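Quick notes on the structure that follows.
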Amino acid sequence: MTTYRIRRRHVFASFVGTLAGTAAMACTLVGSGHLPVQNDLSGLGADNTRLQAFARDSGDAWPPSGFLNLWITGDDFGSPPSYGMDGYLYLVRTDDACPESEGAPEVFHLADVTIVGIVTVRDGSVNQFITMQDSAQARQDRFALIEIGEVEAPFSGHLIHRCGTVTWN
């Protein structure tokens with residue numbers, strides 16, 4: 001059962017990756033960044049979450065004029081050692097630095113971020129495109145994947161799973 005599930009997952013991931021790569025080739029890469037793991041100092045999980053932003057080339061059908069196509073990929077979302085999270089996270093942008101605290105959960109408050117979209121996490125992995133309106137204000141330096149629900153007091157806010165800097169061309 002497990003072997004079949006793993007094979008099916010890899011075949012699906014290969015198909016989606018090929019399809020996404022083909023779609024992205026027709027566009028121009030205008031920004032990219034690494035979103036490192038937050039709130040997990042175990043060192044067990046993969047630290048491979050990337051965000052890439054693509055702009056329309058003349059003659060392209062997608063993304064629409066004035067929009068960017070953001071591609072978010074990564075693994076090992078959830079709790080160690082299984083990292084099998086299924087659910088949803090907000091993709092947000094902010095001018096605030098990624099918080100680094102010791103002994104307290106790292107969170108963002110919705111007042112400090114702009115929600116770009118909702119990312120689906122399936123079996124601990126993300127591989128999704130989101131369309132965002134393109135403007136100088138939208139090309140912020142920091143992007144993060146945060147919980148939709150708030151963490152309870154005394155550390156109220158939205159728990160950060162990944163947070164990092166995006167470099168724009």
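Every number here is computed from the coordinates shown, using simple stated rules; none is lab data. Since we're looking at a predicted model, the values are computed, not measured. Methodologically, a virtual Cβ is constructed for each residue, glycine included, from the backbone with ideal geometry; neighbour enumeration extends over all protein chains shown.
Summary table
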| read-out | value |
| --- | --- |
| SER32, SER101 arranged by Cβ crowding within 10 Å, fewest neighbours leading | SER101, SER32 |
| Förster-model FRET efficiency, 25 Å R0, SER32 and ASP112, C-beta, rounded to 0.05 | 0.60 |
